[in-house]
Amino acid sequence: MTERDDLPLPDYDHLPVGSLISRIRTLDAGGLQTLLSYEQRHANRVQIVSAMQNRLTGLKEGAQPSGGDPAAVGADAPPAPAGGSPVSEATSGPAVNAPSHGDPTNPAQPRSSGSHKKSG
């Protein structure tokens with residue numbers, strides 16, 4: 001096992017900052033201190049270190065962990081795939097045939113009938 005495996009938040013290194021700051025509120029002082037030490041030795045991100053230090057101070061002053069499972073999948077995780085594509089022949093659009101070049105009914109296409117006259 002590595003030091004990372006012992007952290008109280010699984011996939012700690014891959015959590016977005018907003019999610020991480022939210023999840024540290026669920027930790028007790030011991031778990032938070034473990035994360036703080038790890039953060040300071042590795043990425044040492046100022047925003048994360050500051051949030052952890054502030055939360056640790058709050059816990060020492062009597063704040064309580066917010067409850068919940070810090071490892072739970074939250075709003076920051078993408079939803080599970082539905083399994084299969086909802087597209088089928090019944091839901092696809094009609095076939096599209098592009099107009100041929102020089103079609104006189106399509107003003108975006110040039111006509112190649114030699115109708116250019118020289119003035120002069």
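The values are calculated or read from the model by the stated rules, or taken from the named source; none is laboratory data. As the structure is a computational prediction, the values presented were derived from the model and not from experiment. Note that we place each Cβ from the backbone using ideal geometry, even for glycine, and neighbour counts take in every protein chain shown.
Some values worked out for this structure:
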item: Residue match in the stretch 17-32 (condition: in a helix (DSSP H, G or I) and in contact with a Phe, Trp or Tyr (Cβ under 8 Å, 6 or more places away or on another chain)); result: yes
item: Asp69 vs. criteria under 13 Å from Leu9 (Cβ atoms), loosely packed, with under 13 Cβ neighbours inside 10 Å and at pLDDT 75 or above; result: no
